[in-house]
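In what follows, a structure is listed as structure tokens, so that the remarks can point back to it.
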Amino acid sequence: MFSVPRKFLLFADASQAEILILSLNDSNAKAQPVPIELNIRRPIALDLDLTENRIYWTDNTLNTISRVFVNGSSPEVLVSENIYSPEGLAFDPLGGNIYWTDTGINKIEVSRKDGTMRKTVISSNLDEPRDIILDLIKG
């Protein structure tokens, strides 16, 4: 049984096609893969919804944006159409949105956290946008 530590670090290992969790409670802990029963090929960017304990990630080989609970349950692909090279991702806890960059078509897009209501935020004057960070204080 996979147990989620109280304090942890999440990271992606694109070469091993894994999202890993490292307990910060135990100095001898080793990183463990989050048990996700979903095809993952090259996870790049991660963010965490602390309210629902969900991990969001981009996969730039499958060209998808997905999410899963931290314990590995209920994995789902949110965006899989008209996405070409998703790299950066940011979760907005105040608005309940996810933002991502697509270097394949030089866009920044947004959707609700369930993948609905998808819109383009910026589609001009971008050259391979790689990452995105939200300023939750200034908006």
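The values are calculated or read from the model by the stated rules, or taken from the named source; none is laboratory data. Source: prediction; values computed, not measured. So basically every Cβ, Gly included, is an ideal-geometry build from the backbone, and we count neighbours across all protein chains shown. With ligands, DNA and RNA removed, areas are computed over all heavy atoms of the protein, side chains included. Shrake-Rupley method; radii C 1.70, N 1.55, O 1.52, S 1.80 Å.
When residues of segment 60-71 are filtered for being in a loop (DSSP other than H, G, I, E, B) and open to solvent by less than 10 Å² (accessible area, probe 1.4 Å), how many remain?
1
Filter segment 105-117 for residues that are touching a strand residue (DSSP E or B) at 6+ places or on another chain (Cβ under 8 Å) and surrounded by fewer than 16 Cβ atoms within 10 Å (Cβ to Cβ) and give the result.
Once the filter is applied, which keeps residues that are touching a strand residue (DSSP E or B) at 6+ places or on another chain (Cβ under 8 Å) and surrounded by fewer than 16 Cβ atoms within 10 Å (Cβ to Cβ), segment 105-117 yields 112, 114, 117.
Select from segment 22-55 the residues that are in contact with a Gly (Cβ under 7 Å, 6 or more places away or on another chain) and not in a loop (DSSP other than H, G, I, E, B) and list them in ascending order.
Across segment 22-55, the qualifying residue is only 45.
Given the conditions (1) open to solvent by less than 30 Å² (accessible area, probe 1.4 Å); (2) modelled with pLDDT of 95 or more; (3) polar (S, T, N, Q), report the number of the one that residue 23 does not fulfil.
Of (1) open to solvent by less than 30 Å² (accessible area, probe 1.4 Å); (2) modelled with pLDDT of 95 or more; (3) polar (S, T, N, Q), only one is false for residue 23: (2).
May I ask you to say which residue of 131, 127 is acidic (Asp, Glu), open to solvent by 20 Å² or more (accessible area, probe 1.4 Å) and touching a residue at least 60 places away in the same chain (Cβ under 8 Å)?
Within the list 131, 127, the selection yields 131.
Any residue at all in segment 91-103 that is among the charged types (D, E, K, R), in contact (Cβ under 8 Å) with a residue 24 or more places away in the chain and more than 19 Å from residue 80 (Cα to Cα)?
yes
So, in segment 57-75, exactly how many residues are more than 15 Å from residue 118 (Cβ to Cβ) and not aliphatic (A, V, I, L, M)?
10
Quick check on segment 3-24: of everything there that is more than 16 Å from the chain's Cα centre (by Cα) and small (Gly, Ala, Ser), which residue is farthest from residue 37 (Cα to Cα)?
That would be 23.
Listed residues 83, 55; which is under 28 Å from residue 125 (Cβ atoms), among the hydrophobic types (A, V, I, L, M, F, W, C) and surrounded by 13 or more Cβ atoms within 10 Å (Cβ to Cβ)?
So the residue among 83, 55 that is under 28 Å from residue 125 (Cβ atoms), among the hydrophobic types (A, V, I, L, M, F, W, C) and surrounded by 13 or more Cβ atoms within 10 Å (Cβ to Cβ) is 83.
If we scan segment 103-117, do we find a residue that is among the small types (Gly, Ala, Ser), closer than 21 Å to residue 15 by Cα and in a strand (DSSP E or B)?
No: zero hits.
Here are some residues: 132, 98. Which one is part of a loop (DSSP other than H, G, I, E, B), within 22 Å of residue 46 (Cβ to Cβ), aliphatic (A, V, I, L, M) and modelled with pLDDT of 95 or more?
132
Can you find a residue that is part of a loop (DSSP other than H, G, I, E, B), more than 25 Å from residue 8 (Cβ to Cβ), at pLDDT 95 or above and acidic (Asp, Glu) anywhere in segment 78-87?
There is at least one residue in segment 78-87 that is part of a loop (DSSP other than H, G, I, E, B), more than 25 Å from residue 8 (Cβ to Cβ), at pLDDT 95 or above and acidic (Asp, Glu).
Take segment 26-52 and flag every residue that is hydrophobic (A, V, I, L, M, F, W, C), open to solvent by less than 50 Å² (accessible area, probe 1.4 Å) and out of contact with any Ser or Thr (no Cβ under 7 Å at 6 or more places or on another chain).
Of everything in segment 26-52, those that are hydrophobic (A, V, I, L, M, F, W, C), open to solvent by less than 50 Å² (accessible area, probe 1.4 Å) and out of contact with any Ser or Thr (no Cβ under 7 Å at 6 or more places or on another chain) turn out to be 31, 34, 36, 40, 46, 48.
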